[in-house]
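The values are calculated or read from the model by the stated rules, or taken from the named source; none is laboratory data. For clarity, every value in this text was computed on a predicted model and none was experimentally measured. Ideal geometry is used to build each Cβ from the backbone, glycine not excepted, and the neighbour counts take in all protein chains shown. Ligands, DNA and RNA are stripped out before the accessible areas are found, and what is left, the full protein with its side chains, is counted by its heavy atoms. Shrake-Rupley method; radii C 1.70, N 1.55, O 1.52, S 1.80 Å.
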Amino acid sequence: MAYELDDQSIGHGLIDLTRRARKEIEVIGLRNGHKSVPIESYEGMLLYRVMPEISRRLIQKGGARLLHLPGEQPGPDVTSLTGNALRRLAGTCVAKSAFDIIAEKVRDRFDPEFRNTGTFFACEAVQRDCRSGNILEVALSKLNPPEFNRSRPDFFADRISDWVEKCSIHPTTDIWTPAMPEYDIELDDFFVEDGQSMASSQMGPT
């Protein structure tokens with residue numbers, strides 16, 4: 001489990017996942033003749049710039065060096081970011097990407113009859129909800145834990161904070177751990193509906 005690995009191992013695991021995700025996309029192909037995601041897209045920003053930079057920092061923190069492959073070009077505008085700014089950029093890319101659709105296409109291509117549902121493809125792992133454990137969130141939190149009193153949104157930490165609060169859990173930091181309840185979208189919807197019902201009843205008759 002990535003959560004239990006040291007910085008260097010998580011960094012290597014993340015860059016391996018990044019490269020496998022790009023390979024999967026190259027196999028399935030994309031619209032308009034693209035062999036991979038355009039680097040200027042949110043998906044491209046994540047796979048070619050942000051995730052390689054997170055991996056580089058973790059591996060360097062562990063005392064080693066990451067050699068980027070051709071195409072992996074974080075660029076000075078990414079390498080110069082603070083840890084919190086890198087968290088925000090990664091969160092924005094995930095939130096605005098179409099990895100859910102890409103992951104479905106990868107599954108349809110490699111496992112059309114859903115016989116290997118216990119195996120995650122790389123694109124599925126990238127888009128996995130951080131409230132159920134996502135290696136990108138784990139890597140970011142190892143590198144730079146979220147601020148406790150945040151003045152700006154943090155996609156990963158805010159989602160985790162909201163979920164654990166609904167589960168009546170109060171961790172010291174808003175990062176995922178294996179001890180957290182598995183994220184359940186149906187239960188999450190129930191909390192939302194229940195909250196709306198309570199709000200309606202408290203308003204009383206009009």
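Structural remarks
- Percent accessible area from carbon and sulfur atoms, the chain, protein chains only, probe 1.4 Å: 52
- Here the simple spin-label model places points 7 Å from the Cα toward Cβ, and for HIS68 and PHE148 these points are separated by 3.6 nm.
- On the principal axes of its alpha carbon atoms, segment 1-107 extends 41, 29, 26 Å, with the longest extent given first.
- Sum of -39500 (n - 2.57) over DSSP H runs of 4+, divided by residues of the chain (222 nm, nearest 500): -16500 deg cm²/dmol
- Using alpha-carbon coordinates, inclination of helix 51-61 to the longest axis of the chain, degrees: 80
- Considering every alpha-carbon pair of the chain, the percent of pairs per 10 Å bin, from zero through the bin containing the longest distance, is 8, 31, 34, 18, 6, 2, 0.
- Across segment 108-149, Cα-Cα pairs more than 11 Å apart make up 72 percent of the total.
- Local electrostatic count at LEU89 - Lys and Arg +1, Asp and Glu -1, tallied over other residues with Cβ under 10 Å: +1
- Sorting the segments 91-100, 141-150 by their residues' average number of neighbouring beta-carbon atoms within 10 angstrom, most packed first, yields 91-100, 141-150.
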